[in-house]
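Asks: Would you mind keeping the following structure in view while I ask a few things?
Read the figures in this text as sums done on the coordinates, not as results from a lab. Just so it is clear, the structure is predicted and the values come from calculations on it, not from any experiment. Heads up, the Cβs are rebuilt from the backbone with ideal geometry, glycines too, and the neighbour counts pull from every protein chain shown.
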Amino acid sequence: MTETHRLLIAIASIGLYMLWVAVLFFKHKKQPSNAVTGEETLVVYASQTGTAEKVARAKAAALSEQEQTLVVSMASLKLNTLSAVSKVIFVVSTYGEGEPPDAGRTFSKALKKASSNQSDYLSHLSFEVVGLGDKQYAAFCQFAVTLFDNISALGARALSPLMTLDAGKGEHLALLDSLPEDAQHPTHAFTLKTRVQLNEVTLASGEPLDEFDNQVENQSFNSASPGLFGLSLSVDNTNHTQELHEQWEAGDVLEVLIPQQAESSIISRSYTIASVPQEHDIKLVVRQLVKDNGQFGIGSGLLTHTLPLSQSLQGYIRKNSSAIITDTQCPLLLIAAGSGIAGVRAQLAKRALLENAGPVWIFFGERHPSHDNVLDKTLSPFQHGDCIFQKSVIFSRQEGGGYVQQRLIEQQDEVKSFLGDTGQVYVCGQFEGMGQGVDTALQSILKEQAYNALADEGRYHRDLY
Ligand SMILES: Cc1cc2nc3c(=O)[nH]c(=O)nc-3n(C[C@H](O)[C@H](O)[C@H](O)COP(=O)(O)OP(=O)(O)OC[C@H]3O[C@@H](n4cnc5c(N)ncnc54)[C@H](O)[C@@H]3O)c2cc1C
Ligand SMILES: Cc1cc2nc3c(=O)[nH]c(=O)nc-3n(C[C@H](O)[C@H](O)[C@H](O)COP(=O)(O)O)c2cc1C
């Protein structure tokens, strides 16, 4: 073969390759991002902990007699999909401080940008927005409000005024009635087997009190340092027990149902489950909330103080899809403080059961090295197993100490290379302070592109409260 032949073959190959790339590009561009036909009502949910998703599914079930519906997460919704449908119902919660749930971040940014041009891009579209929020937060249902305004600004026609529901008061529950029976949560009885104080309590005199395993039921003093309790609950045997074990996975939440005598109603409190089904028992880590008047918080008081050993409570396991990490091979960065250790324990327990699971690095914040040994106590079952993990602990009340976000920054180069392009991040605990601080630290460590990729590719799991 001559040089000219070789050159011609090379030019032809490059030409064919470019043609193939162009075909792929245009094919991809023309395809709508969701499998919409244009005939159906789109029911879009943006949910952090699953409530809005349930309400969206219930709405779709209620509508399905009269019209075709398609339920999609906002995470997979592109703005141009809305140009292909004529009716959309949004069911969205609000997270952070008036922000969208993580699944709504990208769409909400794109919508905000488009709506700032005040065009009539969506004038063919009619819509409804149902907002779920909690009036304990200042920015009640703020994401629903912003969504309603931005969709309206693009010319879409509202079928009804914005509906906002205080989920903290159970205002959304009536909407769930149309869910098929099997999509409702069967409740179970859970029996308290053990309760252990994980941190050392400081008496008013400043003297530490020795740990008192399983005797905390008799606790009658008001502690200066808020107690953190590890609980083990057995699932009482019912027809649904096996089903429950099959459905529950690391990241899920126990909804504890608490009857209110005065109002003859039931309220619920969420607790991240610290164990996996293979351990049989539901483990929790609960911070005891003592209010200024000395009263315990309703849920935390029941779990850490009032409920006697061997007694049962009612509850159900709630899927917490944003906290479920399916890829078990990738590097996993687990970040928590305080009761957030619950979620860290569950994620570690999941990996400990697997052969060849990816590496784990835990960042944990505690108060004082001599009072708090929560991390080691909680993770002791995994210390000598096959699941290798690295730990970085920081104490806030130690000279030169600080918060977990500071430790992340101190080790930023290692954190960045540990995560690489595929690493997953799971953060569990208080949103205020810890969750916000960790988010700021991650933005600074990863910089815009890698931080956005982490969030948009579903590798950033926030189980914050
Ligand atoms: C998805 C999720 C997972 C969670 N996981 C866990 C977990 O694993 N462990 C855990 O401990 N918690 C967890 N929580 C928090 C938990 O659900 C409860 O919110 C927490 O236990 C407090 O509820 P409570 O009923 O004890 O307090 P409540 O009786 O509801 O009291 C809280 C109220 O007290 C007020 N308050 C707070 N501090 C004080 C104070 N010092 N003085 C006076 N008033 C005060 C607050 O404004 C608030 O209105 C989780 C929450 C969510 C949403
Ligand atoms: C960390 C956190 C922040 C929240 N911030 C707000 C808020 O700013 N405004 C609001 O109305 N509700 C807020 N909520 C309440 C949720 O919107 C409400 O519990 C909702 O039912 C959750 O629905 P989801 O499970 O679909 O995410 C917040 C809840 C959490 C856990």
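Asks: Which whole-Hz ³J(HN,Hα) couplings does the range 442-451 yield from phi under the Karplus relation 6.51 cos²θ - 1.76 cosθ + 1.60, θ = phi - 60°, glycine and proline marked x?
Replies: Karplus values, whole Hz, x for Gly and Pro: 5, 4, 6, 6, 8, 6, 3, 5, 6, 5.
Asks: Next question, about the same structure. Only residues of the range 323-342 count here: report those whose backbone N is under 12 Å from the spot 7 Å along Cα→Cβ of GLN390, or say none.
Replies: Those under the cut-off are 331-334.
Asks: What list do you get for VAL427, VAL290, VAL276 if you sort them by fewest beta carbons within 10 Å?
Replies: Final ranking by Cβ density, sparse to dense: VAL290, VAL276, VAL427.
Asks: Given R₀ = 22 Å, what would the calculated FRET efficiency be for HIS280 paired with TYR137, taking r from the Cβ atoms and rounding to 0.05?
Replies: 0.05
Asks: Hull surface divided by four, with the convex hull built on the Cα atoms of the range 325-464: how many nm²?
Replies: Convex hull of Cα atoms, orientation-averaged projection: 7.9 nm².
Asks: What share of the DSSP beta bridges in the chain is antiparallel, in percent to the nearest 5?
Replies: That works out to approximately 40 percent antiparallel.
Asks: First measure r as the distance between the Cβ atoms of LYS377 and ALA62, then evaluate 1/(1 + (r/R0)^6) with R0 = 51 Å and state the FRET efficiency to the nearest 0.05.
Replies: Approximately 0.60, to the nearest 0.05.
Asks: Between LEU198, HIS368, THR4, whose Cα lies farthest towards the positive end of the dipole of the chain when Lys and Arg beta carbons carry +1 and Asp and Glu beta carbons carry -1, centred on the Cα centre?
Replies: Highest projection toward the positive end goes to THR4.
Asks: Something else: When the helices in the chain are scored as -39500 (n - 2.57) per DSSP H run of 4 or longer and the sum is shared across all residues, what 222 nm value do you end up with, to the nearest 500 deg cm²/dmol?
Replies: Calculated at 222 nm, the ellipticity per residue is -8500 deg cm²/dmol.
Asks: Treating the beta-carbon of each Lys and Arg as +1 and of each Asp and Glu as -1, no other charges, what is the dipole magnitude of the range 345-465 about its Cα centre, to the nearest 20 debye?
Replies: 280 debye
Asks: Report the local net charge at GLY50: Lys and Arg +1, Asp and Glu -1, summed over other residues whose C-beta lies under 12 Å from its C-beta.
Replies: Result for the neighbourhood of GLY50: 0.
Asks: With angles folded into 0 to 90 degrees, how steeply does helix 3-30 sit against the dominant principal axis of the chain? Use alpha carbons for both and round to 10.
Replies: 60 degrees
Asks: Count charges around PRO226 for me, please; just the other residues with Cβ under 10 Å from its Cβ, Lys/Arg as +1, Asp/Glu as -1.
Replies: Around PRO226, the surrounding residues sum to +2.
Asks: Still on this structure, please answer the following. Cross-link list LYS350/LYS391; LYS416/LYS447; LYS112/LYS169; LYS54/LYS112; LYS135/LYS169: which exceed 20 angstrom alpha carbon to alpha carbon?
Replies: LYS112/LYS169; LYS54/LYS112
Asks: Additional query: Between LEU254, PHE395, GLN412, whose Cα lies farthest towards the positive end of the dipole of the chain when Lys and Arg beta carbons carry +1 and Asp and Glu beta carbons carry -1, centred on the Cα centre?
Replies: GLN412
Asks: Then there is this: What are the residues whose amide H is under 5 Å from the amide H of TYR460, where those residues sit 5 or more places off or on another chain and H is modelled from the backbone?
Replies: Here the answer is VAL425, since their amide H atoms fall under 5 Å of that of TYR460.
Asks: Can you give me the long-range amide H partners of THR194? Hydrogens built in the peptide plane at 1.01 Å from N, cutoff under 5 Å, separation of 5 or more residues or another chain.
Replies: Correct list: SER232.
Asks: Quick check on the exposure proxy: order ILE11, ILE394, ILE298 from fewest to most C-beta atoms within 10 angstrom.
Replies: Least to most surrounded, the residues fall as ILE11, ILE298, ILE394.
Asks: Per residue of the range 72-81, in order, report the coupling 6.51 cos²θ - 1.76 cosθ + 1.60 (Karplus, θ = phi - 60°) as ³J(HN,Hα) in whole Hz, putting x for Gly and Pro.
Replies: Whole-Hz 3J(HN,Hα) from phi for the range 72-81: 9, 7, 5, 4, 9, 8, 9, 4, 5, 5.
Asks: Calculate, for ASN80 and ASP413, the FRET efficiency according to 1/(1 + (r/R0)^6) with r their C-beta to C-beta distance and R0 30 Å; round to the nearest 0.05.
Replies: 0.15
Asks: Moving to a separate point now. In whole Å, what are the Cα extents of the chain along the three principal axes, biggest one first?
Replies: Projected onto its principal axes, the Cα set of the chain covers 86, 64, 44 Å.
Asks: Which net charge results when you count Lys and Arg as +1 and Asp and Glu as -1 among the other residues whose beta-carbon is under 14 Å from that of LEU419?
Replies: The answer is -2.
Asks: If you don't mind, there's one more thing I want to ask. Find how much the distance from SER123 to THR241 grows on full extension, using 0.36 nm per residue of separation minus their present alpha carbon separation; answer in nm with one decimal.
Replies: That works out to 37.5 nm of additional length.
Asks: Run the numbers for SER444 and THR328: contour at 0.36 nm per residue of separation, minus the present Cα-Cα distance, in nm.
Replies: 39.2 nm
Asks: Could you calculate the contour length gain from THR187 to SER310, that is, 0.36 nm times the residue separation minus the distance between their Cα atoms, to one decimal place in nm?
Replies: Going from the current span to full extension adds 42.4 nm.
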